[in-house]
Structures are given as structure tokens and as C-alpha cells.
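Before any comments, here is the structure.
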Amino acid sequence: MLPACPTPCIEFRPPPAHCRAMNTSWNTILLAALGALWMTVAAHARPERTSVKQPDPGSVSRTTERQMPAIRVWVIDSVRLEEKTLAAALNKAQVIFGDAGVRVLWTRCPAQANQAELNVCQPDDTSKLFLRIVRQPAIGFGSRHALGQAFSGEAGSQYATIFHDRVLAMVASRKPGSEALVLGHVIAHELGHLLLGTSAHSSFGLMAAGWSAADLERAPAGLLEFSSAEAATIRAAVIRRNIAAGASGGSEAATSRAH
Ligand SMILES: [Zn+2]
């Protein structure tokens, strides 16, 4: 599991203008916790996937989608995004995970609700995954560039937090696409950390510490995604979670439905 992370562990760090096309000079940490052989597979699989990838989200058949292991994520939107923006962002993240062979089931936590509804969205000891969208990081947050953060809470719940104002600033300055497009990728990145069980980054692609101009150019076509190795690790993690939930009396995978 991802250890508690007292310092910012997830960041989008825009490179200086003169080196935006030189992402290979960035930190080359490749999911060290998963092993050197695993990393070699990832490095070689990515170009192949890119060359044959079809950006159409509909490429995943309904039959295939039903067979995917499912993971539920509880969504707390403190910013109160416009509904169409939030829906599009969640859908983008869902497509990215779908391409990795995982079905994401979103549960929206209402901003104002009765106590029973709020209780559903409370952290507990079942390794709940929370997606939180906030305007800014907390005072004292250690990175000026991070678009989000992922960490494990003390009670076992895990949190992917998105800093919306920073996402908007990034969209305005680098113009990679719509707000929803970028939000969806940041959401997938942060949740990716939680499911990969590591705060490490790849040297390029969705799980890079910073997206290069080339990475961002792939995003609108649906090509900024998890590597084959990352996808396999995420699927395995979701299956393990569902088995553990079943063993403890849960029935998440069998009863959950999208939206
Ligand atoms: Zn990260």
C-alpha cells in the first residue's frame, strides 16, 4: 500500500520553456518498487501500445467492460464544478482506466446532504478510495507546481486530491485541451499512484512527474495513458482489493454499477 505521505508526493512540474521538448532529461525513476525487469517491460511496451492504440473510448466492448475488475471511488467535489465539466473529467479518467482494463465506479458525495448520505462518504478502515477536488493545497504544502497529491490516511482510506486552481492555471498557460481533459488525466494520475501503491514516477507518459509537450499532445487523442506494465499492476491491485472485500463480507465488485 502507498505509505502515508507527509510531503507532496505527486506533482505536475512544468518544465522551463527551453526544455519542454526534452523530457528525457527528467528524473528517470521507473516504479522502482516494482522491480527492474518489470520496468524493462514497461519501457518497451509503451511505443508498441501507442502505435496500435485506438483513441475511441468505445473500443472497449460492453462484454469486455463487464469482465473488468471494478473499483469504487468516492468523489468529494469541494469546488462544485460545473456538472458537465465534472462528468466529462470523470468520464475521461474512466476511459483511461478502462483502457487499462479496470472499471471505475464513481460515487458522488453530495456537498449538502442528510447525515445518512454523508456517512456513506466517511472514511473507514476498508481502504476506501477518495477523489477530492479542492481549490488549493493546504497552507504549508511543499510544492508550488503540484496539480494534485495522493496519500494514505491513518484509517486506511486513501486520497487522491486535485488542486483545481492549479489545473486551471496550467490549462490557461499550456493549452493542452479542455479543463475536463486535463482534470481527467490528473485524476487518473493520482488514483494511479494509489492503485500502483507507489509515489514513484515514470520517465514519460501519464505517470511521469511532469508531462512534456509530447505527452500533452497525446492527451486529446487518448494516448496519454498507463503503460502496459502499469495497467497490469493496477488490474492486479483491484482484483486483490475485491478479493479482500469479498473475504471480509463486502460485495463491491458484484453489486456496484457505474454512476
Ligand atoms: Zn505523481
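Go through the range 193-213 and give me each residue that's within 15 Å of Val171 (Cα to Cα) and within 11 Å of the ligand (Cβ to nearest atom). Once the filter is applied, which keeps residues that are within 15 Å of Val171 (Cα to Cα) and within 11 Å of the ligand (Cβ to nearest atom), the range 193-213 yields Gly210, Trp211.
Across the range 76-93, the qualifying residues are those that are touching a helix residue (DSSP H, G or I) at 6+ places or on another chain (Cβ under 7 Å) and outside any helix (DSSP H, G or I), and the one among them that is nearest to Asp165 (Cα to Cα) is Val79. Taking the range 214-225 as the range and being within 15 Å of the ligand (Cβ to nearest atom) and in a helix (DSSP H, G or I) as the test, only Asp215 passes. Is one or more of the residues making up the range 88-104 more than 30 Å from Ala244 (Cβ to Cβ) and modelled with pLDDT of 90 or more? Looking for residues that are more than 30 Å from Ala244 (Cβ to Cβ) and modelled with pLDDT of 90 or more, one finds at least one in the range 88-104, hence yes. Candidates in the range 199-227 are the residues that are more than 15 Å from the chain's Cα centre (by Cα) and hydroxyl-bearing (Ser, Thr, Tyr); of these, the one that is surrounded by the most Cβ atoms within 10 Å (Cβ to Cβ) is Ser212.
Of all residue pairs spaced 6 or more apart or on separate chains, those with beta-carbon atoms under 8 Å, a first member in the range 176-192 that is in contact (Cβ under 8 Å) with a residue 24 or more places away in the chain and within 11 Å of the ligand (Cβ to nearest atom) and a second member that is in a helix (DSSP H, G or I) and charged (D, E, K, R) are Ala188/Lys92; Gly192/Glu230.
Scanning the range 121-156 for residues that are within 14 Å of the ligand (Cβ to nearest atom) and under 19 Å from Val238 (Cα atoms), we see that the one that is surrounded by the most Cβ atoms within 10 Å (Cβ to Cβ) is Ala150.
Within the bounds of the range 189-198, is there any residue that is farther than 23 Å from Ile139 by Cα and surrounded by fewer than 18 Cβ atoms within 10 Å (Cβ to Cβ)? Taking every residue of the range 189-198 in turn, none turns out to be farther than 23 Å from Ile139 by Cα and surrounded by fewer than 18 Cβ atoms within 10 Å (Cβ to Cβ).
The values are calculated or read from the model by the stated rules, or taken from the named source; none is laboratory data. Just so you know, these numbers come straight off a predicted model, no measurement behind them. Because the Cβ atoms are built from the backbone with ideal geometry, glycine has one as well, and the counts that use them run over all protein chains shown.
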